[in-house]
Amino acid sequence: MNIKQLEAFVRIVKNKSFSQTAKELFLTQPTVSAYISNLEEELGVRLFLRTTKEVNITEAGEKIYLYAKEIIQLSNQIREVTSGRQEGAMEKEIVISTSSIPGQYLLPSILASYSKSYPNVEFRTNETDSRGVVDDIVSHRAELGFCGTMIQRNGCNYLPFYDDELILVTPNTPKYRKRRELGFQMDWLSEEDFIMRESGSGTRKEAMKILARLGFMPEDVHIKASFASTGAILLSVREQVGVAIVSKLAAKMEIRNGAVLPFRLSENGCFRKIYLLTSTEFSMSEGAKKLVKMMQNHVRRMQMKGRASLSQIGNPEPRIIKDSAPEGKKEGLLSSKKH
(Lines give C-alpha, C1' and ligand atoms only; values in the text may rest on other atoms or scores of the structure.)
Protein backbone atom coordinates (compact mmCIF):
# COMPACT_ATOMS: atom_id res chain seq x y z
CA MET A 1 0.00 0.00 0.00
CA ASN A 2 1.36 3.44 -0.87
CA ILE A 3 0.30 7.09 -0.94
CA LYS A 4 -0.30 7.11 -4.71
CA GLN A 5 -2.77 4.23 -4.42
CA LEU A 6 -4.63 5.93 -1.57
CA GLU A 7 -4.70 9.27 -3.40
CA ALA A 8 -6.19 7.61 -6.46
CA PHE A 9 -8.75 5.83 -4.27
CA VAL A 10 -9.89 9.03 -2.52
CA ARG A 11 -10.13 10.99 -5.77
CA ILE A 12 -12.21 8.27 -7.42
CA VAL A 13 -14.65 8.41 -4.47
CA LYS A 14 -15.02 12.13 -5.10
CA ASN A 15 -15.10 12.03 -8.92
CA LYS A 16 -16.93 8.71 -9.36
CA SER A 17 -14.72 8.36 -12.41
CA PHE A 18 -11.43 6.63 -13.18
CA SER A 19 -10.81 8.74 -16.29
CA GLN A 20 -11.33 12.08 -14.50
CA THR A 21 -9.04 10.94 -11.68
CA ALA A 22 -6.36 9.97 -14.19
CA LYS A 23 -6.53 13.48 -15.71
CA GLU A 24 -6.24 15.19 -12.33
CA LEU A 25 -3.24 13.04 -11.34
CA PHE A 26 -1.60 13.33 -14.79
CA LEU A 27 -1.63 9.57 -15.18
CA THR A 28 -3.06 7.15 -17.72
CA GLN A 29 -6.34 5.43 -16.87
CA PRO A 30 -4.70 1.95 -16.94
CA THR A 31 -2.22 3.17 -14.33
CA VAL A 32 -5.04 4.36 -12.04
CA SER A 33 -6.87 1.07 -12.56
CA ALA A 34 -3.69 -0.80 -11.63
CA TYR A 35 -3.34 1.27 -8.44
CA ILE A 36 -6.86 0.31 -7.35
CA SER A 37 -6.50 -3.36 -8.35
CA ASN A 38 -3.27 -3.65 -6.35
CA LEU A 39 -4.84 -1.90 -3.36
CA GLU A 40 -7.90 -4.18 -3.48
CA GLU A 41 -5.66 -7.24 -3.71
CA GLU A 42 -3.55 -6.15 -0.75
CA LEU A 43 -6.58 -5.30 1.42
CA GLY A 44 -8.53 -8.35 0.33
CA VAL A 45 -11.71 -6.35 -0.35
CA ARG A 46 -13.44 -4.79 -3.32
CA LEU A 47 -13.43 -0.99 -3.10
CA PHE A 48 -15.66 -0.04 -6.03
CA LEU A 49 -18.59 -1.40 -8.01
CA ARG A 50 -17.90 -0.50 -11.65
CA THR A 51 -20.34 -0.44 -14.52
CA THR A 52 -20.11 1.10 -17.97
CA LYS A 53 -21.97 4.17 -16.69
CA GLU A 54 -20.83 4.79 -13.11
CA VAL A 55 -18.48 3.95 -10.28
CA ASN A 56 -19.84 3.49 -6.75
CA ILE A 57 -17.92 2.89 -3.56
CA THR A 58 -18.61 -0.38 -1.70
CA GLU A 59 -19.36 -0.70 2.01
CA ALA A 60 -15.77 -1.89 2.56
CA GLY A 61 -14.52 1.17 0.67
CA GLU A 62 -16.65 3.47 2.84
CA LYS A 63 -15.06 2.01 5.98
CA ILE A 64 -11.52 2.93 4.94
CA TYR A 65 -12.29 6.20 3.14
CA LEU A 66 -11.66 8.58 6.04
CA TYR A 67 -8.55 6.66 7.06
CA ALA A 68 -7.15 7.02 3.55
CA LYS A 69 -8.09 10.69 3.44
CA GLU A 70 -6.37 11.41 6.76
CA ILE A 71 -3.19 9.59 5.66
CA ILE A 72 -3.01 11.78 2.55
CA GLN A 73 -3.63 14.95 4.55
CA LEU A 74 -0.83 14.02 6.96
CA SER A 75 1.45 13.24 4.02
CA ASN A 76 0.76 16.69 2.56
CA GLN A 77 1.49 18.33 5.91
CA ILE A 78 4.81 16.50 6.18
CA ARG A 79 5.79 17.74 2.70
CA GLU A 80 4.84 21.31 3.62
CA VAL A 81 6.87 21.22 6.85
CA THR A 82 9.99 19.72 5.29
CA SER A 83 9.94 21.77 2.10
CA GLY A 84 8.99 25.07 3.69
CA ARG A 85 6.39 25.53 0.93
CA GLN A 86 2.64 25.67 1.27
CA GLU A 87 1.64 22.97 -1.18
CA GLY A 88 -2.12 22.86 -1.72
CA ALA A 89 -3.94 19.82 -0.43
CA MET A 90 -5.20 17.46 -3.12
CA GLU A 91 -8.79 18.55 -2.42
CA LYS A 92 -10.81 20.07 0.37
CA GLU A 93 -13.83 17.97 1.21
CA ILE A 94 -15.95 17.52 4.33
CA VAL A 95 -18.00 14.34 4.62
CA ILE A 96 -21.23 14.81 6.60
CA SER A 97 -23.88 12.34 7.75
CA THR A 98 -27.14 13.89 8.92
CA SER A 99 -30.64 12.98 9.99
CA SER A 100 -33.48 14.67 8.15
CA ILE A 101 -34.32 17.62 10.43
CA PRO A 102 -30.81 19.14 10.71
CA GLY A 103 -30.06 18.10 7.13
CA GLN A 104 -33.08 19.84 5.64
CA TYR A 105 -33.65 22.79 7.99
CA LEU A 106 -30.30 23.71 9.59
CA LEU A 107 -27.42 22.68 7.33
CA PRO A 108 -28.36 24.37 4.02
CA SER A 109 -28.06 27.94 5.31
CA ILE A 110 -24.94 27.09 7.32
CA LEU A 111 -23.19 25.45 4.36
CA ALA A 112 -24.15 28.41 2.16
CA SER A 113 -22.48 30.81 4.60
CA TYR A 114 -19.43 28.58 4.86
CA SER A 115 -19.09 28.33 1.08
CA LYS A 116 -18.95 32.12 0.78
CA SER A 117 -15.88 32.17 3.04
CA TYR A 118 -14.30 28.95 1.76
CA PRO A 119 -15.48 28.48 -1.84
CA ASN A 120 -13.03 25.66 -2.61
CA VAL A 121 -14.38 23.32 0.07
CA GLU A 122 -16.82 20.67 -1.14
CA PHE A 123 -19.36 18.76 0.93
CA ARG A 124 -20.34 15.12 0.55
CA THR A 125 -23.51 14.47 2.57
CA ASN A 126 -25.51 11.38 3.41
CA GLU A 127 -29.04 11.79 4.79
CA THR A 128 -30.19 8.92 6.97
CA ASP A 129 -31.92 8.45 10.35
CA SER A 130 -30.23 9.11 13.70
CA ARG A 131 -29.08 5.51 14.08
CA GLY A 132 -27.56 5.63 10.61
CA VAL A 133 -25.66 8.83 11.50
CA VAL A 134 -24.10 7.13 14.52
CA ASP A 135 -23.15 4.13 12.38
CA ASP A 136 -21.49 6.43 9.82
CA ILE A 137 -19.38 8.14 12.49
CA VAL A 138 -18.38 4.93 14.27
CA SER A 139 -17.54 3.24 10.95
CA HIS A 140 -15.53 6.32 9.80
CA ARG A 141 -17.73 6.89 6.76
CA ALA A 142 -18.28 10.53 7.79
CA GLU A 143 -16.25 13.17 9.60
CA LEU A 144 -19.19 15.09 11.07
CA GLY A 145 -22.67 13.88 11.97
CA PHE A 146 -25.91 15.59 13.00
CA CYS A 147 -28.86 13.88 14.66
CA GLY A 148 -31.80 14.55 16.95
CA THR A 149 -31.28 11.99 19.70
CA MET A 150 -28.40 10.45 21.64
CA ILE A 151 -27.67 6.79 20.92
CA GLN A 152 -24.87 5.56 23.15
CA ARG A 153 -22.08 3.95 21.14
CA ASN A 154 -18.36 3.70 21.71
CA GLY A 155 -16.41 5.87 19.30
CA CYS A 156 -18.79 8.88 19.30
CA ASN A 157 -18.58 12.36 20.82
CA TYR A 158 -21.89 14.21 21.21
CA LEU A 159 -21.94 18.01 21.28
CA PRO A 160 -25.39 19.60 21.81
CA PHE A 161 -25.63 22.59 19.48
CA TYR A 162 -29.32 23.37 18.84
CA ASP A 163 -32.51 23.32 20.94
CA ASP A 164 -35.27 22.02 18.68
CA GLU A 165 -38.85 22.39 19.87
CA LEU A 166 -41.17 19.47 19.19
CA ILE A 167 -44.84 20.37 18.81
CA LEU A 168 -48.10 18.57 18.18
CA VAL A 169 -49.71 19.32 14.81
CA THR A 170 -53.32 18.51 13.95
CA PRO A 171 -55.66 19.11 11.02
CA ASN A 172 -57.03 22.66 11.01
CA THR A 173 -60.67 21.75 11.58
CA PRO A 174 -63.38 22.95 14.00
CA LYS A 175 -62.79 19.88 16.19
CA TYR A 176 -59.18 20.80 16.86
CA ARG A 177 -59.75 24.53 16.97
CA LYS A 178 -62.12 23.85 19.86
CA ARG A 179 -59.52 21.70 21.59
CA ARG A 180 -57.12 24.62 21.59
CA GLU A 181 -59.38 26.15 24.25
CA LEU A 182 -58.31 23.36 26.64
CA GLY A 183 -54.82 24.82 26.89
CA PHE A 184 -52.21 22.24 27.85
CA GLN A 185 -54.72 19.60 28.93
CA MET A 186 -53.86 16.70 26.62
CA ASP A 187 -56.14 13.85 27.80
CA TRP A 188 -57.88 13.93 24.42
CA LEU A 189 -54.73 12.56 22.76
CA SER A 190 -55.74 9.07 23.95
CA GLU A 191 -58.49 9.18 21.30
CA GLU A 192 -56.18 10.18 18.45
CA ASP A 193 -54.43 8.31 15.66
CA PHE A 194 -50.74 9.22 15.50
CA ILE A 195 -48.51 9.55 12.46
CA MET A 196 -44.86 8.88 13.32
CA ARG A 197 -41.42 8.83 11.74
CA GLU A 198 -39.80 5.45 11.10
CA SER A 199 -38.45 3.40 14.03
CA GLY A 200 -34.80 4.56 13.73
CA SER A 201 -35.76 8.24 13.78
CA GLY A 202 -34.63 10.56 16.57
CA THR A 203 -37.88 12.52 16.27
CA ARG A 204 -39.92 9.36 16.92
CA LYS A 205 -37.80 8.42 19.92
CA GLU A 206 -38.18 11.88 21.43
CA ALA A 207 -41.92 11.97 20.62
CA MET A 208 -42.47 8.77 22.57
CA LYS A 209 -40.56 10.26 25.52
CA ILE A 210 -42.82 13.32 25.48
CA LEU A 211 -45.96 11.19 25.36
CA ALA A 212 -44.64 9.16 28.31
CA ARG A 213 -44.17 12.40 30.29
CA LEU A 214 -47.77 13.29 29.46
CA GLY A 215 -48.87 9.98 30.97
CA PHE A 216 -49.26 7.84 27.85
CA MET A 217 -47.72 4.37 27.84
CA PRO A 218 -46.51 2.98 24.50
CA GLU A 219 -49.51 0.67 24.33
CA ASP A 220 -51.81 3.71 24.70
CA VAL A 221 -50.42 5.34 21.55
CA HIS A 222 -52.21 4.23 18.40
CA ILE A 223 -49.81 4.64 15.48
CA LYS A 224 -51.85 4.84 12.30
CA ALA A 225 -48.91 5.28 9.89
CA SER A 226 -45.13 5.69 9.82
CA PHE A 227 -43.13 7.64 7.25
CA ALA A 228 -39.45 8.25 6.55
CA SER A 229 -40.25 11.85 5.57
CA THR A 230 -41.52 14.66 7.81
CA GLY A 231 -43.03 16.23 4.70
CA ALA A 232 -45.18 13.14 4.17
CA ILE A 233 -46.27 13.29 7.81
CA LEU A 234 -47.34 16.93 7.53
CA LEU A 235 -49.27 16.21 4.33
CA SER A 236 -51.01 13.29 6.06
CA VAL A 237 -51.96 15.51 9.00
CA ARG A 238 -53.33 18.09 6.59
CA GLU A 239 -55.39 15.34 4.94
CA GLN A 240 -56.78 14.32 8.37
CA VAL A 241 -55.10 10.93 8.62
CA GLY A 242 -54.10 11.69 12.20
CA VAL A 243 -52.02 13.96 14.43
CA ALA A 244 -48.23 14.06 14.80
CA ILE A 245 -45.37 15.31 16.94
CA VAL A 246 -42.83 17.02 14.72
CA SER A 247 -40.03 19.57 14.80
CA LYS A 248 -41.34 23.12 14.73
CA LEU A 249 -38.54 23.85 12.23
CA ALA A 250 -40.12 21.40 9.80
CA ALA A 251 -43.70 22.59 10.32
CA LYS A 252 -43.04 26.34 10.18
CA MET A 253 -44.34 26.87 6.65
CA GLU A 254 -47.45 24.71 7.12
CA ILE A 255 -48.28 26.57 10.32
CA ARG A 256 -47.79 29.95 8.68
CA ASN A 257 -50.02 28.96 5.76
CA GLY A 258 -52.73 27.61 8.06
CA ALA A 259 -52.44 24.07 6.71
CA VAL A 260 -52.11 22.55 10.19
CA LEU A 261 -52.74 23.66 13.78
CA PRO A 262 -49.78 23.78 16.21
CA PHE A 263 -50.07 22.82 19.89
CA ARG A 264 -47.23 23.42 22.32
CA LEU A 265 -46.88 20.36 24.51
CA SER A 266 -46.18 22.28 27.72
CA GLU A 267 -46.27 25.87 28.83
CA ASN A 268 -42.55 26.34 28.19
CA GLY A 269 -42.40 23.99 25.22
CA CYS A 270 -40.86 20.53 24.82
CA PHE A 271 -37.34 20.67 23.43
CA ARG A 272 -34.83 18.08 22.28
CA LYS A 273 -31.18 18.58 21.49
CA ILE A 274 -29.78 18.41 17.99
CA TYR A 275 -26.31 16.92 18.38
CA LEU A 276 -23.08 17.32 16.48
CA LEU A 277 -21.26 13.99 16.35
CA THR A 278 -17.54 13.44 15.87
CA SER A 279 -15.32 10.39 16.13
CA THR A 280 -13.28 9.76 19.27
CA GLU A 281 -10.62 8.14 17.08
CA PHE A 282 -10.19 10.96 14.54
CA SER A 283 -9.17 14.55 15.03
CA MET A 284 -11.25 16.91 12.90
CA SER A 285 -9.70 18.42 9.80
CA GLU A 286 -9.09 22.17 9.78
CA GLY A 287 -12.03 22.62 7.38
CA ALA A 288 -14.36 20.72 9.70
CA LYS A 289 -13.19 22.74 12.72
CA LYS A 290 -13.97 25.99 10.90
CA LEU A 291 -17.38 24.64 9.89
CA VAL A 292 -18.22 23.72 13.48
CA LYS A 293 -17.20 27.17 14.74
CA MET A 294 -19.26 28.91 12.06
CA MET A 295 -22.19 26.61 12.79
CA GLN A 296 -22.17 27.43 16.50
CA ASN A 297 -22.24 31.16 15.75
CA HIS A 298 -25.00 30.72 13.14
CA VAL A 299 -27.19 28.64 15.46
CA ARG A 300 -26.67 31.09 18.33
CA ARG A 301 -28.05 33.89 16.14
CA MET A 302 -30.97 31.69 15.01
CA GLN A 303 -31.98 30.83 18.55
CA MET A 304 -31.74 34.42 19.81
CA LYS A 305 -34.08 35.41 16.99
CA GLY A 306 -36.35 32.44 17.74
CA ARG A 307 -36.69 33.32 21.42
CA ALA A 308 -37.72 36.86 20.51
CA SER A 309 -40.68 35.58 18.49
CA LEU A 310 -41.49 32.42 20.45
CA SER A 311 -44.79 33.65 21.83
CA GLN A 312 -45.96 34.66 18.35
CA ILE A 313 -45.32 31.35 16.61
CA GLY A 314 -46.19 28.99 19.45
CA ASN A 315 -50.00 29.05 19.15
CA PRO A 316 -51.08 31.42 16.36
CA GLU A 317 -54.73 32.05 15.74
CA PRO A 318 -56.04 29.64 13.10
CA ARG A 319 -57.18 30.99 9.75
CA ILE A 320 -60.34 29.39 8.37
CA ILE A 321 -62.04 29.09 5.03
CA LYS A 322 -65.63 27.97 4.76
CA ASP A 323 -66.21 24.35 3.93
CA SER A 324 -68.76 23.85 1.18
CA ALA A 325 -68.69 20.04 1.38
CA PRO A 326 -71.90 18.30 2.55
CA GLU A 327 -72.16 17.44 6.24
CA GLY A 328 -70.37 14.19 7.06
CA LYS A 329 -67.81 14.63 4.28
CA LYS A 330 -64.18 15.49 4.99
CA GLU A 331 -63.73 19.11 6.00
CA GLY A 332 -62.03 21.39 3.50
CA LEU A 333 -58.36 22.32 3.70
CA LEU A 334 -57.35 25.77 4.78
CA SER A 335 -56.29 28.47 2.39
CA SER A 336 -52.53 28.65 1.83
CA LYS A 337 -52.77 32.39 1.27
CA LYS A 338 -50.53 34.32 3.63
CA HIS A 339 -51.68 37.09 5.97
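Loop-located GluC sites (Glu not before Pro) in the stretch 170-254 (DSSP state not H, G, I, E or B) with no more than 15 neighbouring Cβ atoms inside 10 Å: 198, 239.
Between the DSSP loop rule and a limit of at most 16 other Cβ atoms within 10 Å, which chymotrypsin sites (Phe, Trp or Tyr not before Pro) in the stretch 180-230 are left?
Values: sites: 184, 188, 194, 216, 227; in loops: 184, 216.
Qualifying residues, ordered by number: 184.
Here the stretch 130-196 exposes an accessible surface that is 44 percent carbon and sulfur, computed with a 1.4 Å probe and the other protein chains kept in place.
Restricting everything to alpha-carbon atoms, can you work out Rg to Rh for the stretch 30-163 with a Kirkwood hydrodynamic radius?
Working: Rg = 17.3 Å, Rh = 17.2 Å.
We get a ratio of 1.01 for the stretch 30-163.
Given the pairs 69/290; 14/69; 92/290; 116/273; 175/252, which span a C-alpha to C-alpha distance of over 20 angstrom in this model? The answer is 116/273; 175/252. Once the C-beta distance of residue 182 and residue 124 is scaled by a Förster radius of 45 Å, the resulting FRET efficiency is 0.40 to the nearest 0.05.
With semi-axes defined as the square roots of five times the eigenvalues of the C-alpha gyration tensor, the equivalent ellipsoid of the stretch 212-295 measures 33, 18, 14 Å, largest first.
Net charge around residue 166, counting only other residues with Cβ within less than 10 Å of its Cβ (Lys, Arg = +1; Asp, Glu = -1)? Combined, the nearby Lys, Arg, Asp and Glu give +1.
The values are calculated or read from the model by the stated rules, or taken from the named source; none is laboratory data. Quantities reported herein were computed from a predicted structural model and do not represent experimental measurements. Glycine gets a Cβ as well: all are built from the backbone with ideal geometry, and neighbour counts include every protein chain shown. To get the accessible areas, we keep the full protein, side chains included, count just its heavy atoms, and leave off ligands, DNA and RNA. Shrake-Rupley method; radii C 1.70, N 1.55, O 1.52, S 1.80 Å.
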